[in-house]
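Okay, structure first, notes after.
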Amino acid sequence: MRSLVRRSPRSRFAVLLMGAASVLVACSPAAVQTLTFGTGGTGCAVATVAKTFAAGTTMRLAATFSPAPQHVSIAIKRDGVVDPHSGEIDLGGEDNCVIAEFDDLEPGHYLVTLTPTPSTGVPSLTGEFDVTP
């Protein structure tokens with residue numbers, strides 16, 4: 001697992017490469033706390049919201065937190081077993097959006113939990129989706 005942090009004059013981006021096919025990105029602040037699954041989109045948005053994906057489809061996850069946490073732990077389970085895409089992203093308390101795109105998910109039922117740390121009173125976000133053969 002390799003981490004890469006890039007900075008630009010307008011915003012701060014943190015990219016955590018987890019496996020060969022997923023990228024997590026931190027975005028600028030938002031006013032609501034959400035967890036969305038789907039396909040396509042830019043920034044912290046999902047173009048087409050969905051809960052079921054065919055294997056090989058690029059699935060997009062977008063989550064926002066308010067207030068912005070320092071870190072977000074991402075636990076992904078497939079059929080009850082911890083998936084290798086699990087990990088942690090450093091948001092530095094400034095960014096509040098986590099984006100992940102996966103194109104190599106195996107068929108199964110997925111449970112995703114994003115937990116902000118340290119505790120700021122912001123609850124964990126949990127969602128489920130399915131990948132079909």
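Since every read-out is calculated from the coordinates, none of them should be taken as a lab result. A quick note: this is a predicted structure, and the numbers were derived from the prediction, not measured. Don't worry about glycine lacking a Cβ; one is built from the backbone with ideal geometry, like all the others, and counts go over all protein chains shown.
For the reader, a short list of remarks on this structure follows.
- Rounded to the nearest 20, the size of the Cβ-charge dipole of region 26-133 about its Cα centre is 280 debye, with Lys and Arg at +1 and Asp and Glu at -1.
- Charge tally around Gly41: other residues with Cβ under 15 Å, Lys/Arg +1 each, Asp/Glu -1 each, net -1.
- A straight chain from Glu128 to Gln70 at 0.36 nm per residue would run longer than the Cα-Cα distance by 18.5 nm.
- Each Lys or Arg adds one and each Asp or Glu takes one away; over the other residues whose Cβ falls under 15 Å from the Cβ of Thr57, this sums to -3.
- Within the shell defined by Cβ-Cβ distances under 9 Å, the residues around Asp83 carry a net charge of +1, with Lys and Arg each +1 and Asp and Glu each -1.
- In this simple spin-label model, placing a label point 7 Å from the Cα along the Cα-to-Cβ direction at both Glu106 and Lys77 gives a separation of 1.6 nm.
- Judged by the gyration tensor of its Cα atoms, with axes a ≥ b ≥ c, region 81-130 is prolate; a/c meets the 1.5 cut and a/b is the larger of a/b and b/c.
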